[in-house]
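Accompanying notes for the structure given below.
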Amino acid sequence: MRHTPDFSFAPEPVARYSGLAITLHWLLALLVIGLLGVGVWMTGLKTSPTKIAVYGWHKALGLTVLALAVLRLLWRVHRPPPPLAESIPAWQVALATQAHRAMYTLLLAMPLSGWLQNSAAGFPLTWFGLFKVPALIARDKAAFAFWQQAHEWLSWALMALIVLHVLAALKHHYLDRDDALKRILPWKP
Ligand code: HEM
């Protein structure tokens, strides 16, 4: 008779996100948190060549976020996230789904509002000086004021959502001790 080893004490392997999803998650996190900080800081700068350069970088990196967020969404359709642990109650899964939807909405709305603001101001826009980015709308004072305000309010909403997102991840990891955070860590736990 063959001997079957007892696996009952071996931990279940963590069902992780795909490598591309993990890379995009941390790249977007780095870019978005950086852009939020730089955005708040740069608006207080006095007009100078430095301010103009920082604004240019902010806009180009913001457009990069838009492209990466679209890529992430397309990839998510192709490779849906791994299922969450069964220990997580249904209401928490539903809440996480809504929070993630809100995050994707803001990841698109944030750069789009910046792009619309820049278009309404009539400022030229390039991606790191490599190619011209067309205006989305015509130059218009009222539209500029609207999109400038929208960009600022959306940034507060995004900051609040990021704080909740991080707190939820830490709660799952340290209090509930489930795999929610481990699934997206760049290294294998
Ligand atoms: C995820 C992407 C982005 C984030 C997180 C972000 C974040 C921010 C934040 C926090 C501010 C300061 C808001 C304030 O206090 O008034 C700001 C300002 C600004 N952003 Fe963005 N931004 C993004 C993308 C873009 C894009 C794509 C553009 C343009 C193409 C843009 C153009 C601007 C401009 C022109 C300002 C200055 C507004 C002013 O001078 O009042 N942003 N951004």
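The values are calculated or read from the model by the stated rules, or taken from the named source; none is laboratory data. Just so we're clear, the structure is a prediction, and the values are computed from it rather than from any experiment. Every residue, glycine among them, receives a Cβ derived from its backbone with ideal geometry; neighbour counts consider all protein chains shown. Surface areas here come from the heavy atoms of the whole protein model, side chains and all, with no ligands, DNA or RNA. Shrake-Rupley method; radii C 1.70, N 1.55, O 1.52, S 1.80 Å.
A few notes on this one:
- On Cα atoms only, tilt of 19-42 relative to the major axis of the chain in degrees: 40
- Ranking by accessible area, most exposed first, for Trp41, Trp147 with a 1.4 Å probe: Trp41, Trp147
- Using a Förster distance of 41 Å, the FRET efficiency for Ala143-His173 (Cβ separation, nearest 0.05): 0.40
- For the set Tyr17, Tyr55, solvent exposure ranked by accessible area (probe 1.4 Å, protein chains only) runs largest to smallest as Tyr55, Tyr17.
- Taking the 1.4 Å solvent-accessible surface of the chain as the whole, the part contributed by carbon and sulfur is 71%.
- Straight-distance candidates among the lysines for linking to Lys51, with alpha-carbon spacing under 25 Å and chain neighbours fewer than 8 residues away dropped: Lys59, Lys132, Lys141.
- Accessible surface ranking that places the most exposed of Leu136, Leu161 first, with a 1.4 angstrom probe: Leu136, Leu161
- Burial ranking of peptide ranges 112-120, 137-145, 18-26 (average Cβ count within 10 Å, highest at the top): 112-120, 18-26, 137-145
- Kirkwood hydrodynamic radius (C-alpha pairs) into Stokes-Einstein, the chain, 20 °C and 1.002 mPa s, D in µm²/s: 113
- Working ranking of peptides 56-63, 101-108, 165-172, 73-80 by packing, defined as the average number of other Cβ atoms within 10 Å per residue, highest first, is 56-63, 101-108, 165-172, 73-80.
- Accessible area of the chain divided out per residue, in Å², using a probe of 1.4 angstrom: 68
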